[in-house]
Amino acid sequence: MTEAVKWVVEDAKEKGILWPSDELKRKAWVSDESIYELADKDPVTFWATRARVGLDWYKEWDKAYEEKLPYFKWFIGGKLNACYNCVDRHIKTWRRNKAAIIGVREPFDEPSRTLTYYDLYREVNKFANVLKSLGIKKGDRVSIYLPMIPEAQIAMLACARIGAPHSVVFSAFSAESLKDRIMDADSKALVTCDGYYRRGHPVNLKNNADEAVNGTSVKDVVVFKRTGQEVNWVEARDHWWHELMAKADLYCEPEVMDSEDVLYILYTSGTTGKPKGVIHTTGGYLTQAYWTTKWDFDLHDDDVFWCTSDIGWVTGHTYNVYGPLSVGATQIFYEGAPDYPDRGRVWQIIEKYGVTVFYTAPTMIRMVMGWGEEWLEKYDLSTLRLLATVGEPINRDAWMWYFEKIGGKRCPIIDTWWQTETGGTLINALPGIGPFIPTVAGRSFPGTRHEVLDEEGKSLGIDKGGYLVQKSPFGPGMLRGIYKNPDMYQENYWSQYGNGAYFTSDGARLVKKDNFRLTGRVDDVMKVAGHRLSTAEVENAIGGHDAVAECAVVSAPHKIKGETPWAFVRLKSGEPSDELTKEIMDHVVKVLGPTCRPDRIIFAKAVPRTRSGKIMRRILKSLAKDEPIGDIATIENPECVEELKKLVGYKETT
Ligand code: PRX
């Protein structure tokens, strides 16, 4: 293996900065630094060229960009179909029998299931006809509640084919969470399965689906048979996937969609207790998905790409569906857990399928670091040539470990910063250009502009911590609104600095000219193991338990997960106990799902309040982070702080 990157200690303070080797530069799609300047001179023309070169359009747009903030549009009047771009156009080329999706299952269930582009084409066409046979038309919403099986991608693409926006809900979310999202989207149909395997055991998903659809607008439930377990069945409403597919025609004409027609809605957590439906449209989103996939991961036809995200998150949408499939890549889609049947599973998959580009979250890296190197040493990881991360800030130790142990010091690390709202990556180094700096995501993707501002909106220079914003023209993949909630859209993203800047809710600082280091959320959103959670959602769930009088949830640092929820709980009556702790935790799991389980429940006699009666979350946050508490003069009940310090094991003495 030749060295793909050179380790150059360029800046003592940053303790090492990587630049791409000549070989990496030669192979990379982009290796000329001037791309940034070129794109920045005229971002609209830059993106218009990208849209024209990357995608197939039925009709070219009349105007590339229009901005009436807080709204903006891309490729106005342009017509295309996202599914056609991800599937049909490849089957007209040699890629017809290229592997599109290698669906890897748990070991007892192997061999894996590989779908070529032609297989995918047939399945998607048939499923599009299935949806049509159920009366789904352009504009109708379809909810999808599926685990990591290729039917998830098939269902999403089938929706895109007929112009029905999909709303995918993470399969580990609870029935209640699914119901909320179905109700908000007014979905006409739900696509789910009987169950899936988790660490060898079948999990029943249909039960949750049944509970969720009751009393909603869902008329039909399509159920894929994955495990063959017993399920409840509601005649007339429930249909087996395979039975409908057996009757479906082989071809479905793709709907001609407007560039600004909605491609999907994806619910994510904001600062309120209610998840918000982020709207993504077709032409701009797909342009960003295509080019960020191609350039960030430098995907070529001989690459095998593995993005470990769940399909229920935006990373799964953009980098397990619309990005890799629109560029015609081969991808791994893994159904199982990283530690089943043992802690070598991820490395075994990389070895077995010759994965070349691996994209995961820092939490995963920290977790496998903790499992020890012996698990890696058993496997040949030499096919890897590029590594990438997403979802949360990566600490230096994890970055170095990823670089040295997984990448064998030859792979660049592409730390991609973005959000559900941005649709695709926005800040990261490009593999053929660099630099790759531990803990620093990198530069704005060509054709996008970001700045770090202070509270007043003044642009900050090098090494000053502030707030990250995006400036006009806004990336083509950016959200176009919050479903049924224009006020929240305006309030969340455009009110902080007036209408000129999109507020990301992230802290950042510029290092080395135009490279950004991201420092985490500045609002009440947590990133727990890379999953986005709102403290308010967890508070609402805990508040719904009978024994709880009031509760405040804050984020606490966690060695592996990055952050984790701590809940300060005051009881109505009765005494704290281990049973009650468990009961409250189980209650959260039932209401929201296991990813939202608090790490600690701290039973307090009182929580700090202002004189007007509001909980002082600032104090609780400092307690959780072991940081100085600061001024307590405005607290109505300062005596409770000492009690809380004891309860949490607070050590800070300043
Ligand atoms: O705080 C940032 C963090 O994840 C948030 C967005 O979360 P979500 O919408 O779930 O999307 C995750 C996948 C794109 C951001 O506001 N974040 C994401 N990527 C990074 C990051 N923080 C630091 N470094 C990153 N590379």
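No lab work stands behind these numbers, since they all come straight from the coordinates. This is a predicted model, so every value here is computed, not measured. Neighbour counts are summed over all protein chains in view; Cβ atoms, including those assigned to glycine, are modelled from backbone coordinates with ideal geometry.
Annotations
- Within straight-line reach of K527, meaning a Cα separation under 17 Å, sit the following lysines at least 8 residues removed in sequence or on another chain: K274, K276, K559, K561, K621, K625.
- Taken over the alpha carbons of region 299-350 as equal point scatterers, the Debye sum produces base-10 log I(q)/I(0) values at 0.25 Å⁻¹ of -0.96.
- R52-D514 pseudo-label distance in nm [points 7 Å out on the Cα-to-Cβ vector]: 2.3 nm
- Pairs of Cα atoms nearer than 8 Å and 6+ residues apart set the relative contact order; for region 24-156 it is 13 percent.
- The spacing between region 138-163 and region 485-532, judged by their C-alpha centroids, is 29 Å.
- Its alpha carbons give region 532-654 an Rg and a Dmax of 13.9, 40 Å.
- A straight line joining the Cα centroids of region 383-398 and region 234-291 runs 30 Å.
- Label point distance in nm, K59-E456, each placed 7 Å from Cα along Cα→Cβ: 5.0 nm
- Local electrostatic count at F72 - Lys and Arg +1, Asp and Glu -1, tallied over other residues with Cβ under 14 Å: +2
- Local charge for G613 was computed over the other residues whose Cβ lies under 15 Å away, with Lys and Arg +1 and Asp and Glu -1, and equals +3.
- Whole-Å semi-axes of the ellipsoid equivalent to region 96-241 (Cα gyration tensor, √5λ, descending): 23, 20, 12
- Restricting region 546-654 to trypsin sites (Lys or Arg not before Pro) that sit in a DSSP loop and have at most 16 other Cβ atoms within 10 Å of their own Cβ leaves K559, K572, K605, R611, K614, K651.
- Per-selection metrics, region 159-199 (Cα): Rg and Dmax in Å: 11.8, 36
- Förster radius 25 Å - calculated FRET efficiency between Q490 and D186, Cβ distance, rounded to 0.05: 0.65
- About its Cα centre, region 117-255 has a charge dipole of approximately 200 debye under the convention of +1 per Lys or Arg Cβ and -1 per Asp or Glu Cβ, with nothing else charged.
- Using the Cβ of Y58 as centre and a radius below 14 Å, the other residues enclosed give a net charge of -3, where K and R count +1 and D and E count -1.
- Among the lysines of region 117-255, pairs that are 8 or more positions apart or on different chains and have alpha carbons within less than 15 Å of each other number 12.
- With N as its number of residues, the chain has a Cα radius of gyration that, divided by 2.2 N^0.38 Å, comes to 0.94.
- For region 354-456, the average shadow cast by the Cα convex hull is 7.9 nm², which is a quarter of the hull's surface.
- Those GluC sites (Glu not before Pro) in region 378-479 that DSSP places in a loop and that have at most 12 other beta carbons within 10 Å: E455, E456
- Take each peptide in 392-402, 133-143, count the other Cβ atoms within 10 Å of every residue, and average; sorted highest first, the result is 392-402, 133-143.
- Its residue count N fixes a reference of 2.2 N^0.38 Å for region 195-321, and the Cα radius of gyration divided by that reference is 1.33.
- Each Lys and Arg adds +1 at its Cβ and each Asp and Glu adds -1 at its Cβ; summed about the Cα centre, region 525-648 shows a dipole of about 420 debye.
- For region 43-143, applying the loop criterion from DSSP together with a ceiling of 15 other beta carbons within 10 Å to the GluC sites (Glu not before Pro) yields E60.
- The Cα center of region 14-64 and the Cα center of region 583-611 differ in position by 46 Å.
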